[in-house]
1. Compute the relative contact order of the range 143-213 as a whole-number percentage, counting only Cα pairs closer than 8 Å that sit 6 or more residues apart in sequence.
2. Per residue, how much accessible area does the range 176-259 have with a 1.4 Å probe, in Å²?
3. Counting pairs of Cα atoms in the chain, how many percent are more than 35 Å apart?
4. Using only the Cα atoms of the range 128-223, each taken as one equal point scatterer with no solvent, compute I(q) by the Debye sum, divide by I(0), and report log10 of the ratio at q = 0.11, 0.25 Å⁻¹.
5. Hey, could you grab the Kirkwood Rh for the range 131-186? Inverse mean 1/r over distinct alpha carbon pairs, Å, one decimal.
6. How would you classify the range 164-279 from its alpha-carbon gyration tensor, with a ≥ b ≥ c the square roots of the eigenvalues: rounded for a/c under 1.5, else prolate if a/b is greater than b/c, otherwise oblate?
7. Select from the chain the helices, each a whole stretch of DSSP H, whose alpha-carbon atoms run 15 Å or more along the helix axis and whose Kyte-Doolittle mean is at least -1.0; answer none if there are none.
8. So which chymotrypsin sites (Phe, Trp or Tyr not before Pro) in the range 116-151 end up in coil per DSSP with only 14 or fewer other C-beta atoms within 10 Å?
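The values are calculated or read from the model by the stated rules, or taken from the named source; none is laboratory data. Keep in mind it's a predicted model, so treat the numbers as computed, not measured. Here Cβ is always computed from backbone atoms with ideal geometry, including for glycine, and neighbour counts include all displayed protein chains. Accessible surface is based on the protein model in full, side chains and every heavy atom, while ligands, DNA and RNA are left aside. Shrake-Rupley method; radii C 1.70, N 1.55, O 1.52, S 1.80 Å.
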Amino acid sequence: PPTNPADFPAPTKLIDDLNDMVVEIVDHHLDVGGHSTVSGAQRIIAFDSEAKKALVGSACTLVAEALVSNAPGLVDSTLATMLGGVILIDTLNMDPAAAKGTERDGAALESLEPLFPLARAELFQRLVGAKFNPEWWASLSVGECLRYDYKQGESGGKVFGISAILLKIGDVTGKEAFAAAARAFIEERGLDTLVLMNFVMDPEPQRQILVVANDPANVAELVGALEGVGAMDDLELEPLQDGAVGAVVAELGGAVYHQRKTKASRKQVMPMISEAYAK
């Protein structure tokens, strides 16, 4: 059957057999040109490539907009909660300090909120608790962590992936057989580089970035390319000094950093990597 991918516009090696079935794309990341047969009104990409900025904080906002405008009768309490819950998480409940939400996200939430089964603030807190649950994250294997929130891109003939993880980098690299699992993940997806981006509250927001590859030269190439486009300074990256993490990073020929600019998420970093590889 035809497929309508949301929040993931690029074809990947693992689902090559499905690429010809894609008939519509709904996304808020940089358009990397995947599924080129999908165009016009069927290609909804809410991203300003010149400003390198997403026009909405959540892809579910785009889905909600389409449903509310074209098929409002389909939006019941269950669907409203599913869509609204993701928007709440993606925008941190429209917290101005986080600067993740837009007017469109806010409008989408206003249209869905009357159908929520509980108060918006309570729904948000329950979802946040589940998403950041340390016991759940501790139970995951390395592969499960890498797959949990993963996106892939290609630029300048290079294939790269970014895994968003809600654990300290040291807690991820400290999992059993991290290096072997990371190598297998890279090989399975045909990646030149794999980037792990974390986000934790400890108690303030913190981010770290780990770059690994099956060939250490690929790590050096990406780091050099990011320096060339000023991304290292833009993200305020500083080398992470951690003996245990350093040992694993050295085994993989990788590089690991503190990201002092914590407001920059994968939505900002992915276009930076694409630009760096394109130079």
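1. Numbers: 114 pairs, mean separation 22.4, N = 71.
This gives 32 percent for the range 143-213.
2. Details: 3690 Å² over 84 residues.
About 44 Å² of surface per residue is accessible.
3. Counting every Cα pair in the chain, those more than 35 Å apart make up 17 percent.
4. -0.32, -1.40
5. Working: mean 1/r = 0.0827 Å⁻¹.
12.1 Å is the Kirkwood radius here.
6. On the way: a/c = 1.59, a/b = 1.04, b/c = 1.53.
Oblate, since a/c reaches 1.5 and b/c is not below a/b.
7. Details: long enough: 59-70 (17 Å, 1.28); 77-91 (20 Å, 1.41); 120-131 (16 Å, -0.18); 178-189 (17 Å, 0.26); 216-228 (18 Å, 0.65); 266-278 (17 Å, -0.23).
Within the chain the helices that satisfy the rule are 59-70, 77-91, 120-131, 178-189, 216-228, 266-278.
8. Working: sites: Phe124, Phe132, Trp136, Trp137, Tyr148, Tyr150; in loops: Phe132.
Sparse-neighbourhood loop chymotrypsin sites (Phe, Trp or Tyr not before Pro): Phe132.
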